[in-house]
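Worksheet: one structure, shown below.
The values are calculated or read from the model by the stated rules, or taken from the named source; none is laboratory data. Quick caveat: nothing in here was measured; it's all calculated off a predicted structure. We place every Cβ from the backbone using ideal geometry, glycine too, and count neighbours over all the protein chains shown. Remember, those area values only see protein heavy atoms, side chains included, never the ligands or the DNA or RNA. Shrake-Rupley method; radii C 1.70, N 1.55, O 1.52, S 1.80 Å.
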2 protein chains.
Amino acid sequence: MAPCLSFFFLFLCSFSAIPANSLPTFFPGAAYQSLIKQAKISKPKLPFKTHYFPQTLDHFTFQPKSSKLFYQKYLINSDYWRKGAPIFVYTGNEGNIEWFAANTGFMLDIAPKFKALLVFIEHRFYGKSMPFGKDSYQSAKTLGYLNSQQALADFAVLITSLKQNLSSEASPVVVFGGSYGGMLAAWFRLKYPHIAIGALASSAPILQFDKLIPWSSFYDAVSQDFKDVSLNCYQVIKGSWAELEAMSTQKQALAELSKTFRTCKSLHSTASARDWLWTAFVYTAMVNYPTKADFMKPLPAYPVQKMCKIIDKIPSRATKLSRAFAAASLYYNYSRSENCFKIEHEVDGHGLHGWDWQTCTEMVMPMTCSKESMFPPSGFDYEEFAEQCRMKYGVSPRPHWITTEFGGEKVLKRFGSNIIFSNGMQDPWSRGGVLKNISSSIIALVTEKGAHHVDFRSATKKDPKWLIQLRKQEVEIIQKWLNEYYADL
Amino acid sequence: MAPCLSFFFLFLCSFSAIPANSLPTFFPGAAYQSLIKQAKISKPKLPFKTHYFPQTLDHFTFQPKSSKLFYQKYLINSDYWRKGAPIFVYTGNEGNIEWFAANTGFMLDIAPKFKALLVFIEHRFYGKSMPFGKDSYQSAKTLGYLNSQQALADFAVLITSLKQNLSSEASPVVVFGGSYGGMLAAWFRLKYPHIAIGALASSAPILQFDKLIPWSSFYDAVSQDFKDVSLNCYQVIKGSWAELEAMSTQKQALAELSKTFRTCKSLHSTASARDWLWTAFVYTAMVNYPTKADFMKPLPAYPVQKMCKIIDKIPSRATKLSRAFAAASLYYNYSRSENCFKIEHEVDGHGLHGWDWQTCTEMVMPMTCSKESMFPPSGFDYEEFAEQCRMKYGVSPRPHWITTEFGGEKVLKRFGSNIIFSNGMQDPWSRGGVLKNISSSIIALVTEKGAHHVDFRSATKKDPKWLIQLRKQEVEIIQKWLNEYYADL
C-alpha cells in the first residue's frame with residue numbers, strides 16, 4: 001500500500017506534509033472551527049440565553065489543583081417549559097455550542113409538544129469553555145484534561161445542579177447528540193442512566209474503534225455514495241489521484257496545477273490539492289442532505305448527485321483531475337462567492353486543535369482505503385501514527401481505552417436501554433454506527449437516503465417523507481420513555 | 001447535640017483529639033491495616049500465585065505524567081480452571097489483597113463447581129500497589145490518584161489484558177466484593193457491563209451517601225443488635241458514656257479509669273477509653289457471625305450475645321462503665337493473650353491512611369447518633385468535617401460526587417441487571433445496602449442473622465442452615481447468569 005499524507009492536520013497545517021500511514025477522522029466540528037477562522041462566518045442568531053457553570057477541572061482525581069473551577073458555557077431555551085416537564089439536553093461536541101444549537105433545530109421543533117426545557121452544553125476545551133483561558137491549548141499539561149470521560153462527568157454535574165436550581169429534580173432528562181456528540185449522548189445514557197432516562201444518538205460512530213468494524217468501511221462508504229449515483233463519476237475520481245501524483249514529478253506541473261485549480265496563490269506542492277479534493281468528496285458524502293443546507297458550507301440538495309452530474313457532463317477528453325476539480329468546486333463555491341481558491345491555507349498559529357488532540361489520545365479510529373474505494377489505497381500504521389502524536393504532543397495514544405471504557409456493541413445487549421441510534425446510510429460515519437436493533441429499547445433507525453445527523457436539522461417544507469417519518473418515530477419513542485418514567489413516579 | 005470526638009482517625013492517632021461533629025466510617029480494611037502494624041499478625045498462607053500488572057496512573061487525563069505506570073498486585077488461583085470457563089474476580093478494597101483473599105473462602109469453595117479461575121486484584125494505594133512507592137501517601141499530590149473511579153478503571157484494564165494474555169477472551173467474568181469491595185463490584189457491573197456479566201456485592205452500603213438513607217441508621221442498627229439480645233445490655237452501654245464523661249472532670253479519675261480499664265500505661269484522657277469501647281461495640285456488631293471467626297480479631301460465635309451475657313451477669317451494683325469495659329474486653333481479649341490493654345495507641349508515623357483520605361474526598365458518608373441509639377447523641381456538621389479534611393490534606397470533600405457518578409437506588413431500576421446485593425441485618429452497614437429486589441435480576445438476599453459479608457467466609461461444618469441456603473442461592477443465580485451468557489455466544 002502506498003503511504004498517504006497525514007490528513008489529521010488537514011485544516012490547520014496543510015504545509016506540514018508529514019508522511020504517515022494514517023487517515024483523518026472527518027468530524028465536522030473540527031473542520032468548522034477552521035472554517036470560522038478563515039471565513040469569519042457570522043454567528044447565527046439563536047433563541048437561547050447564554051449561561052456559565054462553575055465546573056470542576058478534574059472529576060477523577062483529588063489533587064489540590066483538580067478542584068480548580070472553570071466556566072462552562074451552556075445555552076437555555078425555556079420558552080415552552082413548565083416545571084416538572086422534560087429537560088432535553090444536547091451533549092455538546094467538538095466546537096462552539098452555538099453551531100450545534102443552530103444545526104439541531106429538531107430540538108426546538110419538538111420542544112412545544114413536550115413543553116421541554118432545552119439545554120445545550122458546550123464541551124470543555126471548545127468554544128468559550130476553556131479551563132485555562134487562552135493557555136488551554138498550550139501543551140499536554142493543560143490539554144490533558146480534554147477527553148470524553150471528563151466531558152460526560154461535566155454534563156452529569158451540570159445537569160444535576162441545574163435541576164436543583166430549577167427545583168425540578170423530578171424532571172426527566174433526555175440527552176441528544178449528533179456525531180461525536182451522539183457518541184457522548186449514548187455513552188452518557190450508559191454511564192449515567194440515573195441522570196438521563198434516554199438518549200437520541202444521531203450518526204454516532206461508537207463502533208469506529210479498535211477492530212470492531214473493518215477499517216476500510218468509512219472510505220468504502222464515501223465511494224459507494226458516488227458509485228451509486230454514477231459509475232463514471234466514481235471512476236473519474238478514482239483515476240484523478242494518479243494524474244495528480246504524476247504531476248508531482250513533472251517540471252512546470254505546479255504552475256499548471258495552480259491554473260487548473262484556480263488557486264489564489266501558486267501551489268507549493270500537489271499534496272494540498274490532494275487534501276482539498278479529498279475533503280470535498282468526504283464532507284459532501286457526509287452532508288448529502290435531501291434539501292439545500294448550510295452545515296459545513298452552503299450546498300444544494302443531494303450534492304453528491306450534483307457533483308457527479310458535473311463530472312458526467314464534462315467530455316471524457318478532459319483530464320480526470322480537471323473533472324474531479326470541477327466537482328469539488330461545488331463544495332467550495334456553490335454560492336459562487338469565490339473568484340479563486342485558497343487551497344493552501346495559512347498555518348494555524350496555535351498548531352493544535354482539540355479534536356486532533358482527542359484523536360491522538362483516546363479517539364483512535366483506525367482508517368484505511370481499500371483497493372475498491374475511490375481513494376488511493378492506504379493502510380494504517382499504528383506505530384507511525386503514535387510516533388506522530390508523541391512528536392506533536394509528547395503523549396502516546398491509548399488505542400484500546402475507548403473499547404475498555406465504553407465497550408462495543410456487546411455492552412448494549414443485556415444491559416443498556418432507551419437509546420435510539422439513528423443513521424443515514426449516505427453518511428460514511430454510519431458504518432461505525434449501530435445499524436440493527438439490539439433490544440426492545442435500543443433501537444436502530446436507519447434511512448437509506450439520510451446523511452450526517454439529518455434528523456437533527458430543522459424541519460423544512462421540502463423534507464422528504466422518509467425524513468418526516470424518521471423524526472416522527474423518534475418523537476414517539478421519546479414519548480414512550482417519558483410515559484414510562486412518569487408512570488413510575 | 002453534644003459534640004463528639006473525631007473517630008475518623010481512631011486507629012491512627014487517638015491522641016489527636018480534634019473535636020468535630022462527625023462520626024467514623026468503620027470499614028474493616030482501614031482498621032485492619034493498623035491492627036497488622038500493631039500486632040504484627042502473620043500473613044496467612046494462601047493457595048494463590050502473586051502477579052504484578054503494569055497499570056496506568058491516571059485513566060482519565062492525558063497529561064505526560066498520567067501515563068506513568070505502577071505495579072498493581074493481583075493473586076491468581078488456576079487450580080480448577082479450564083480455558084473458556086468463568087473468571088471470578090474479587091474487586092479489592094481498602095487493604096492488603098491477601099487479607100481479602102483469606103476472608104473470601106467462598107470463592108475458593110465454589111471454584112471447582114464452576115471450573116473458575118480466581119483473581120484477587122489489589123486496590124491502588126493499598127498493600128503493595130503503591131503508585132509512588134514509599135511516597136504514595138506523601139500528600140494530596142500523590143494521594144489525589146486514590147479514588148474509586150480510578151480503581152474501577154484499573155480493574156477494567158487489568159481484566160481485559162489478563163483475558164487476552166490467557167487467550168480466553170470469551171470467558172465470562174463475574175465480580176465479587178465485600179464491604180467497600182462490594183460497592184466496587186456493584187459499580188463495576190453498572191459501569192463496565194461489557195467486562196463483567198454480573199456482580200455479587202456482599203454488605204455493600206452503596207446508599208450510605210448524601211441523603212439517600214437516614215444518617216442515624218448505622219448507629220441505630222448497632223444499638224438494635226444489642227437491644228435485641230438484652231434490653232439491660234443496651235441500657236448499660238447507653239448509660240456508660242455519661243459515667244465516662246463525668247470522670248473527665250474529676251481529679252484522680254484518669255488513674256481510676258486506667259485501673260478499671262487495665263491499661264498498660266496510664267491514660268492521658270478519657271477520650272481514648274471512649275474510642276476503645278466504641279470500636280469494640282461497632283466492630284462486634286459488624287462481625288456478629290454465627291460461628292467462631294477471626295476476621296478483625298478472634299471472636300466466638302454470636303459475639304454480641306456473649307458480650308451481653310457478660311454485662312447481664314455482673315451485679316447491677318457495679319458501675320455501668322465497668323460492665324461496658326468487661327463486655328468490650330471480649331473483643332480485645334477473647335484469646336486471653338493480653339495482660340493489659342494498649343488503649344492509647346502510638347501515633348502512626350505516617351499520620352495518613354488511605355481510607356481516611358477516601359472519606360475526606362469522595363466517600364463522604366454522613367453519620368449521626370440518634371437519642372434512641374446506645375451511643376451519645378451527635379450530629380453531622382458538614383462544614384466542620386470539610387474544614388478538618390482541608391486542614392489534614394489541603395483538599396475539600398466532594399460530598400455529592402458519589403451520587404452524581406453512581407446514582408442511588410434509582411440507577412438500578414430501569415437499567416442495571418445481574419447484581420446480587422447480600423446483606424446480613426446484624427451488620428450495621430446493611431442499612432446502607434439494597435434490601436429489596438429491584439428487578440428480576442437485581443436481587444436482594446437478606447438474612448436476619450447474617451453479619452458483615454458472612455456469605456464470603458469459608459464454609460464450616462458449624463454453618464447454620466440459613467447461611468448454607470444463602471450461599472446456595474448465590475451459586476444458583478451466578479449459574480443462571482453464566483447459562484444465559486453461554487446461550488448467547
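Interface of B with A. Using a 1.4 Å probe and counting protein heavy atoms only, the two chains hide about 4300 Å² of accessible surface, both sides summed.
Accessible surface of the protein assembly as shown, 1.4 Å probe: 54 percent of it comes from carbon and sulfur atoms. Whole-Hz Karplus values for segment A:440-449 come out as 5, 10, 10, 10, 9, 10, 10, 10, 4, 9 Hz, taken residue by residue from phi with 6.51 cos²θ - 1.76 cosθ + 1.60 and θ = phi - 60°; glycine and proline positions read x. Amide H to amide H distances under 5 Å link residue B:73 with B:53, B:122, B:129, where only residues 5 or more positions off or on other chains count and H is placed in the peptide plane.
For the cross-link pairs B:49/B:134; B:413/B:480; B:292/B:320; A:251/A:320; A:306/A:472; A:238/A:265, which exceed 31 Å when the distance is taken from alpha carbon to alpha carbon? Each step should come with its number before you reach the end.
Details: B:49/B:134 24 Å; B:413/B:480 20 Å; B:292/B:320 27 Å; A:251/A:320 20 Å; A:306/A:472 29 Å; A:238/A:265 26 Å.
Among B:49/B:134; B:413/B:480; B:292/B:320; A:251/A:320; A:306/A:472; A:238/A:265, the Cα-Cα distance tops 31 Å for no pair.
Sites listed here are trypsin sites (Lys or Arg not before Pro) in segment B:222-284 whose DSSP assignment is loop and whose Cβ has at most 15 other Cβ atoms within 10 Å: B:251, B:262, B:265.
Projecting 7 Å from Cα along the Cα-to-Cβ direction, the label point of residue A:212 sits 2.8 nm from its equivalents in the other copies, listed shortest first. Nearest 10 degrees, 0 to 90: what angle lies between the long axis of helix B:28-39 and the longest principal axis of chain B (Cα atoms)? With both axes taken from Cα atoms, the answer is about 70 degrees. Between helix A:320-333 and chain A there is an angle of about 40 degrees, using the helix long axis and the longest principal axis of the Cα atoms. Using a 10 Å cut-off on Cβ to Cβ distances, tally the other chain neighbours for every residue of B:187-195 and report the average as a whole number. That works out to 5 on average.
Counting Cβ atoms of other protein chains within 10 Å of each Cβ in B:53-62 and taking the mean gives 6. Placing a pseudo-label 7 Å from each Cα along the Cα-to-Cβ vector at residue B:139 and residue A:475 gives an inter-label distance of 5.9 nm.
For segment B:217-333, the residue among B:329, B:234, B:219 whose Cα projects farthest onto the positive side of the dipole built from Cβ charges is B:329.
Would you mind computing the Rg to Rh ratio of chain A from its alpha-carbon coordinates, Kirkwood style for Rh? Present the calculation step by step, with values, prior to reporting the outcome.
Numbers: Rg = 22.2 Å, Rh = 23.1 Å.
For chain A, the value is 0.96.
Simple point charges give the picture: +1 on the Cβ of Lys and Arg, -1 on the Cβ of Asp and Glu, and for the protein assembly as shown a dipole about the Cα centre of about 520 debye. Extending 7 Å from the Cα toward the beta-carbon at both residue A:253 and residue B:109 defines two label points whose distance is 7.7 nm.
Accessible area per residue for segment B:271-373 is 37 Å², calculated with a 1.4 Å probe on protein heavy atoms, without ligands, DNA or RNA.
Can you tell me which aspartates and glutamates have their Cα less than 14 Å from the Cα of residue A:449? Leave out same-chain residues fewer than eight positions away. Of all the aspartates and glutamates, those that pass the test against residue A:449 - Cα under 14 Å, at least 8 places apart if same chain - are A:225, A:228, A:427, A:463. The same position residue A:449 in the other copies lies at 7.3 nm from this copy, comparing label points 7 Å beyond Cα toward the beta-carbon, shortest first. Amide H to amide H, with H built 1.01 Å from N, residue B:418 comes under 5 Å of B:441, B:442, counting only residues 5 or more places away or on other chains. Converting phi to 3J(HN,Hα) with the Karplus coefficients 6.51, -1.76 and 1.60 and the offset θ = phi - 60°, segment A:292-309 yields 3, 8, 9, 8, 7, 8, x, 9, x, 4, 6, x, 5, 4, 5, 4, 5, 4 Hz in sequence order, with x at every glycine or proline. Normalised by 2.2 N^0.38 Å, with N the number of residues, the alpha-carbon radius of gyration of segment A:217-333 equals 1.04. Closest approach of a chain A Cβ to the axis relating A and B (residue, whole Å): A:60, 2.
Measure nothing but the geometry: give the 0 to 90° angle between the long axis through the Cα atoms of A:382-393 and the longest principal axis through the Cα atoms of chain A, rounded to 10°. It is inclined by approximately 70 degrees.
When a/c reaches 1.5 or more, the comparison of a/b and b/c decides; with that in mind, is segment B:66-119 rounded, prolate or oblate per its Cα gyration tensor? Intermediate values should be presented prior to the final figure.
Values: a/c = 3.06, a/b = 1.52, b/c = 2.01.
The shape class here is oblate.
Summed over qualifying helices (DSSP H, 4 residues or more, each -39500 (n - 2.57)) and divided by its residue number, the protein assembly as shown shows a 222 nm mean residue ellipticity of -12500 deg cm²/dmol.
Shielding value for A:398-406 is 5, the average number of Cβ atoms from other chains within 10 Å of each residue's Cβ. Each other copy places its own label point for residue A:382 at 4.5 nm from this one, sorted shortest first, where the point lies 7 Å along the Cα-to-beta carbon line.
Counting only Cβ charges, +1 for Lys and Arg and -1 for Asp and Glu, the dipole size of chain B around its Cα centre is about 1140 debye.
What do you get for trypsin sites (Lys or Arg not before Pro) in segment A:392-489 restricted to DSSP loop and a cutoff of at most 12 other Cβ within 10 Å of the site's Cβ?
Numbers: sites: A:392, A:410, A:413, A:414, A:431, A:436, A:449, A:457, A:461, A:462, A:465, A:471, A:472, A:480; in loops: A:414, A:436, A:449, A:457, A:461, A:462.
Here the sparse-neighbourhood loop sites are A:436, A:461, A:462.
3J(HN,Hα) along segment B:152-162: 4, 5, 4, 4, 4, 5, 5, 5, 4, 5, 4 Hz, from the Karplus curve 6.51 cos²θ - 1.76 cosθ + 1.60 with θ = phi - 60°, whole Hz, x for Gly and Pro. Amide H contacts of residue B:145 (H built 1.01 Å from N, in plane; Pro and chain starts excluded): A:62 sit under 5 Å, all sequence-distant by 5 or more or on other chains. Among the GluC sites (Glu not before Pro) within segment B:351-451, those in coil by DSSP and having at most 16 neighbouring Cβ atoms inside 10 Å are B:372, B:409, B:448.
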